[in-house]
Amino acid sequence: MSDLFSDASPPPPTPERISPIEFEVTVPVPPEHAAAGFAEHIHLWWPVEDLSVWGAGSFFDLEDNALVETSVDEVEAVWAEVSRTEQSTRLEMVWRHHPDGGTPTDLTIEFLRGPGDGTTLRLVHDGWNTEARSKSERELYQNFWPLALTKFQRFMGGTP
């Protein structure tokens, strides 16, 4: 009804979307092992010194369909909620950037048959827009994901 009046304010512009972050690493194990290493052992390779609430000593785990960080004092912070999984081939999450919120974005991890018996892990982090906070968060992850996935690659016996 507000658009019936000539002095009605126009709706605020919708921020434009910007390109997703995409990154790949190859690991020398089959997709089912790569998926298990990623999901079940994330606490062994996640770089807490580069992305965490509490830093060293905190523990990351995929539990109850969420990526949860637990402090040494047993305080929990939810980083992402799992929105879809396909056994050993795909993991989709709604990423929150901060335990208290942040601009939700979409994170997709695919475990694709790679060279030989290996796996190519393909990450696509999408949903960014031109708002300042979204752009600064995107910049952080543009630097973080290559670092994190290189650590995963080494954990799985691969070389960068």
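The values are calculated or read from the model by the stated rules, or taken from the named source; none is laboratory data. In this text, all values refer to a predicted model and were calculated from it rather than measured experimentally. Cβ atoms come from the backbone with ideal geometry, glycine included; neighbour counts cover every protein chain shown. Quick note on the areas: whole protein, heavy atoms, side chains included, nothing else; ligands and nucleic acids left out. Shrake-Rupley method; radii C 1.70, N 1.55, O 1.52, S 1.80 Å.
One line per residue, one yes/no per condition, for (1) over 23 Å from His33 (Cα atoms); (2) at pLDDT 95 or above:
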site: Ser83; (1), (2): no, yes
site: Gln87; (1), (2): no, no
site: His97; (1), (2): yes, no
site: Pro115; (1), (2): no, no
site: Gln142; (1), (2): yes, yes
site: Gln153; (1), (2): no, yes
site: Pro160; (1), (2): no, no
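For every residue, the table says whether it meets (1) in a helix (DSSP H, G or I); (2) at pLDDT below 95; (3) of a type in the set (Phe, Trp, Tyr).
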{"site": "Glu24", "(1), (2), (3)": "no, no, no"}
{"site": "Val29", "(1), (2), (3)": "no, no, no"}
{"site": "Ala34", "(1), (2), (3)": "yes, no, no"}
{"site": "Phe38", "(1), (2), (3)": "yes, no, yes"}
{"site": "Leu44", "(1), (2), (3)": "yes, no, no"}
{"site": "Asp50", "(1), (2), (3)": "no, yes, no"}
{"site": "Val53", "(1), (2), (3)": "no, yes, no"}
{"site": "Asp61", "(1), (2), (3)": "no, no, no"}
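Restricting attention to segment 44-68, the residues that are within 30 Å of Arg113 (Cα to Cα), free of Cβ contacts under 8 Å to residues at least 40 places away in the same chain and open to solvent by less than 70 Å² (accessible area, probe 1.4 Å) add up to 8.
Restricted to segment 144-160, and to residues there that are closer than 18 Å to Pro115 by Cβ and not β-branched (Val, Ile, Thr), the residue that is most open to solvent (accessible area, probe 1.4 Å) is Arg154. The single condition among (1) among the small types (Gly, Ala, Ser); (2) assigned to a strand (DSSP E or B); (3) touching an Asp or Glu at 6+ places or on another chain (Cβ under 9 Å) that Ala80 does not meet is (3). Kindly indicate the residue of segment 12-22 that is out of contact with any strand residue (DSSP E or B) (no Cβ under 7 Å at 6 or more places or on another chain) and modelled with pLDDT of 70 or more and also least open to solvent (accessible area, probe 1.4 Å) among those meeting that condition. Ranking the qualifying residues of segment 12-22, first place goes to Ser19. Within segment 105-113, identify whether any single residue is more than 21 Å from Val68 (Cα to Cα), out of contact with any Lys or Arg (no Cβ under 9 Å at 6 or more places or on another chain) and either of a type outside the set (Lys, Arg) or at pLDDT below 90 (or both), and answer yes or no. No, there is no match, as no residue in segment 105-113 is more than 21 Å from Val68 (Cα to Cα), out of contact with any Lys or Arg (no Cβ under 9 Å at 6 or more places or on another chain) and either of a type outside the set (Lys, Arg) or at pLDDT below 90 (or both).
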